[in-house]
Amino acid sequence: QVHLVESGGGLVQPGGSLRLSCAASGNIFNFNAMGWYRQAPGKQRESVAVITSGGAINYSDSVKGRFTLSRDNAKNTVYLQMSSLHPEDTAVYSCMAVVQFTIFWGQGTQVTVSS
């Protein structure tokens with residue numbers, strides 16, 4: 001079993017920045033993939049940024065150039081640095097991990113972009 005604990009969500013003004021953290025139990029170096037999804041009200045959950053075990057990072061087109069995913073293997077943590085936030089980025093952001101091809105989810109953290 002893998003436990004994922006997110007932190008760092010909150011309310012931010014348009015154009016602002018936030019950093020989300022996802023701390024995992026277990027050695028993330030062995031994870032197949034890890035990253036972030038989000039779900040806005042009335043919309044389907046979508047992938048935001050995912051890093052594979054090989055270090056490749058895939059970003060959704062809507063966040064490319066604004067969001068940066070990074071990984072700290074020593075802390076078993078991945079981060080999502082979000083900049084130039086738009087109101088359309090408002091959503092519940094959830095951390096996910098794929099371990100031995102089983103998907104695990106965190107509880108989610110709310111990000112609200114509003115003036």
Taking the condition under 14 Å from G8 (Cβ atoms) and either of a type in the set (S, T, N, Q) or touching a residue at least 24 places away in the same chain (Cβ under 8 Å) (or both), does V111 pass? yes
In the range 92-115, which residues are over 17 Å from V2 (Cβ atoms) and in contact with a strand residue (DSSP E or B) (Cβ under 8 Å, 6 or more places away or on another chain)? V92, Y93, T109, Q110, V111, T112, V113, S114
Which fully enclosed strands (runs of 3 or more DSSP E) of the range 22-77 have 1 or more residues being among the charged types (D, E, K, R), free of Cβ contacts under 8 Å to residues at least 12 places away in the same chain and loosely packed, with under 14 Cβ neighbours inside 10 Å? 67-72
With the checklist (1) surrounded by fewer than 17 Cβ atoms within 10 Å (Cβ to Cβ); (2) in contact with a Gly (Cβ under 8 Å, 6 or more places away or on another chain); (3) closer than 11 Å to L20 by Cα in hand, flag the one item S84 doesn't pass. (3)
Filter pass, L18 being on the phi < 0 side of the Ramachandran plot and open to solvent by 60 Å² or more (accessible area, probe 1.4 Å): no
Condition test on E88, is it part of a helix (DSSP H, G or I) and either closer than 14 Å to V113 by Cα or under 10 Å from the mean Cα position of the chain (by Cα) (or both)? yes
When restricted to S84, S70, the only residue more than 15 Å from W36 (Cα to Cα) and of a type in the set (G, A, S) is S84
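The values are calculated or read from the model by the stated rules, or taken from the named source; none is laboratory data. Just so it is clear, the structure is predicted and the values come from calculations on it, not from any experiment. Note that we place each Cβ from the backbone using ideal geometry, even for glycine, and neighbour counts take in every protein chain shown. Side chains included, ligands, DNA and RNA excluded: accessible areas come from the protein's heavy atoms. Shrake-Rupley method; radii C 1.70, N 1.55, O 1.52, S 1.80 Å.
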